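The values are calculated or read from the model by the stated rules, or taken from the named source; none is laboratory data. Keep in mind it's a predicted model, so treat the numbers as computed, not measured. Cβ: placed from backbone, ideal geometry, glycine included. Neighbour counts: every protein chain shown. Each accessible area value is taken on the protein alone, full model and side chains, heavy atoms only, with ligands, DNA and RNA left out. Shrake-Rupley method; radii C 1.70, N 1.55, O 1.52, S 1.80 Å.
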Amino acid sequence: MNAGRVQDDSKQPEFAFRFLEWTRYKTTLPARLSTKNVPFLAGLWCSLNLPLVRPPLRCDDQDELPVEEAELKALLDRARTFTQRVEGERGEYRKLADGQSPEALFITCSDSRVIPALITDARPGEIFELRNAGNIVPAYGQHGASGEAATLEYALEVLEVQDVVVCGHSHCGAMSALRSGDDLTRLPGVDAWLALARPELAAVLTGTSDSSGAAHDSDSADGSDGSDRSYEPSLADVVQRNVVNQLAAVRSYPSVRQGLEEGRLRLHGWYYEVDTGQVYELDDDGRFRVHAG
């Protein structure tokens, strides 16, 4: 090395890291810049054995990413190309800028397997969504300020929706935790939230009634031998009963009661099976049934 030159090694790690990051995002470079030699150059740089902090990109395979990053990248890629995929619907999307006029408020669980727009084949602007763990709606005045109360109020008073759907679903983790009596001390937020639904589910959880509210005689569960066996609720029983309870909570809001009294609002209870795609609707007798389309 030339004694007249002093090499500043402190800048090498940062520069090398930026170089590798550049190779990782090479697809964002202008099309006129050739990237054919980028893998070779990156490998050459790594072979210099500079004192780098472990880079997020492997030098032997520039395109290989951890599974988690690959999954996120797939979502990002689809988001980034969304405008191209709806190119033929630009006119419809421009109209959305004028405002929204949804047909219904759809209250359901946060579960990623439940997609209201997919289930109903709704277009943008057709449904207003409220989602949380267990599709729970605190009764009016019960929980102070809440997103549920605000969303319900806005949907009815401003958007003037005519239908409100409360939709529970199979394989619900929130309702499963209540049914099994899981210890939620590690999840105090979840425990406090589910506590809102627990009292009204007590009858079905203890086996003294089913999802419709029909009573079960614990002294003769099968109606014949008089043995002391309680009715064992299924997860579907708990989920469906919770839908009924949340509809009652929705009715506690003044704006909802007024809309029902004036005949400009309808309430619906649904139960969605994630493994079949089947939708069961709550009938007047308190039972959930499949209706022909």
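Do we find a residue being within 24 Å of GLU126 (Cα to Cα), at pLDDT 90 or above, in contact with a Phe, Trp or Tyr (Cβ under 7 Å, 6 or more places away or on another chain) and not aromatic (Phe, Trp, Tyr) anywhere in the range 72-82? No, there is no match, as no residue in the range 72-82 is within 24 Å of GLU126 (Cα to Cα), at pLDDT 90 or above, in contact with a Phe, Trp or Tyr (Cβ under 7 Å, 6 or more places away or on another chain) and not aromatic (Phe, Trp, Tyr).
If you go through the range 277-293 one residue at a time, do you hit one that is small (Gly, Ala, Ser) and open to solvent by 70 Å² or more (accessible area, probe 1.4 Å)? Within the range 277-293 (the criterion being small (Gly, Ala, Ser) and open to solvent by 70 Å² or more (accessible area, probe 1.4 Å)), the answer is yes, since at least one residue qualifies. Would you say GLU69 is closer than 30 Å to ASP275 by Cβ and part of a helix (DSSP H, G or I)? Against the criterion (closer than 30 Å to ASP275 by Cβ and part of a helix (DSSP H, G or I)), GLU69 qualifies. Within the range 246-276, the set of residues being assigned to a loop (DSSP other than H, G, I, E, B), under 30 Å from SER234 (Cβ atoms) and free of Cβ contacts under 8 Å to residues at least 40 places away in the same chain comprises just one member, THR276. Summed over the range 148-194, the residues that are β-branched (Val, Ile, Thr) and open to solvent by less than 60 Å² (accessible area, probe 1.4 Å) give a count of 5. Cβ-Cβ contacts under 7 Å between residues 6 or more apart (or on different chains), taken from a first residue in the range 190-208 that is among the charged types (D, E, K, R) to a second residue that is not in a helix (DSSP H, G or I), are listed as ASP191/LEU184.
When SER218, SER224, SER230 are checked against the criterion of being hydroxyl-bearing (Ser, Thr, Tyr), modelled with pLDDT under 95, surrounded by 14 or more Cβ atoms within 10 Å (Cβ to Cβ) and farther than 27 Å from ALA139 by Cβ, SER218 stands alone in meeting it. For the range 110-134, a residue qualifies if it is surrounded by 15 or more Cβ atoms within 10 Å (Cβ to Cβ) and farther than 30 Å from ALA97 by Cβ, and the qualifying residues are ASP111, ALA133, GLY134.
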